[in-house]
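Working notes, beginning with the structure itself.
The values are calculated or read from the model by the stated rules, or taken from the named source; none is laboratory data. Not measured: the values here are computed from a predicted model. Every residue, glycine among them, receives a Cβ derived from its backbone with ideal geometry; neighbour counts consider all protein chains shown.
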Amino acid sequence: MRSRHKRLGLAAALLVTVAPWPSWQASASCAGPYLKTPGSRAAPPVLVRGSSNTIEGRAFVDGCNDTGGSDAWGCSSDEGETESPMEDIMLTIRQGQRKWQLGSEDAGNADDNKLGHVSWEVTIPRALKPGRATLATESSEPVPVVVRTGLRVAVPSHCGVLGVSVDGRMWLAEPPLGDHNPPEGWDENRTEGYLVETKPGRAVFYGDAGQRAPFRLGAPGADDPNADCE
């Protein structure tokens, strides 16, 4: 009789192990609001003091229109929350204990297929110091950026991106871009932006419309590679 009781107890334990009581599981998979910037945490995007920039955001909505979640019994629900665009979303940049407000915008709606999309046209404060900073909103995770000081230049691009003269010094594109024609996305004649010196003799050009090209400082008296461009 005692062994029979043991077998019954073991069977009951196994039943509990393979068929536990149901528990409700979270099914929401909606992404939270986030900022879209080039680069990564290992290579954060560069923002130049005094420059104009467009910062993009996505998923800035209230509610979560996620469906298809199920409980432990396999029951599912096809009802999702109504998503509505957020309004007055303030974009800020923080460095140390200081914070600057860059601008406030409303998110787009579903009528133009841009629900939750945000675009801020901002000017990077000159009061920032070269170094690390973060972009953020109240609803999104902060995004690391690097603040640089750059020189305002107009890079000749009609015959390709070859070089630019700055304060009597010739900076040469490395490598040259465009194969004797403006590269895709560059201006027909001159492309404006900032030349940022990253280390002695090396610089990166950041165009106003997102163009980017590395440069090296030419030798003293180096010829202008744009001289024969017509």
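Cβ separations smaller than 6 Å between residues 6+ apart or across chains give the following pairs from the stretch 219-230 residues that are over 16 Å from residue 175 (Cα atoms) to residues that are in a loop (DSSP other than H, G, I, E, B): 229/159. Checking each residue in the stretch 172-187 for being closer than 16 Å to residue 228 by Cα and surrounded by fewer than 16 Cβ atoms within 10 Å (Cβ to Cβ) picks out 179, 180, 181. For the stretch 109-124, the tally of residues that are on the phi > 0 side of the Ramachandran plot and surrounded by 13 or more Cβ atoms within 10 Å (Cβ to Cβ) stands at 1.
The single residue among 128, 195 that is farther than 30 Å from residue 62 by Cα, in the same structural domain as residue 107 (by TED's automatic domain parsing) and buried (at least 19 other Cβ atoms within 10 Å of the Cβ) turns out to be 128.
Here the strands (runs of 3 or more DSSP E) wholly within the stretch 151-230 that include at least 1 residues being under 30 Å from residue 55 (Cβ atoms), of a type in the set (S, T, N, Q) and at pLDDT 95 or above are 190-199.
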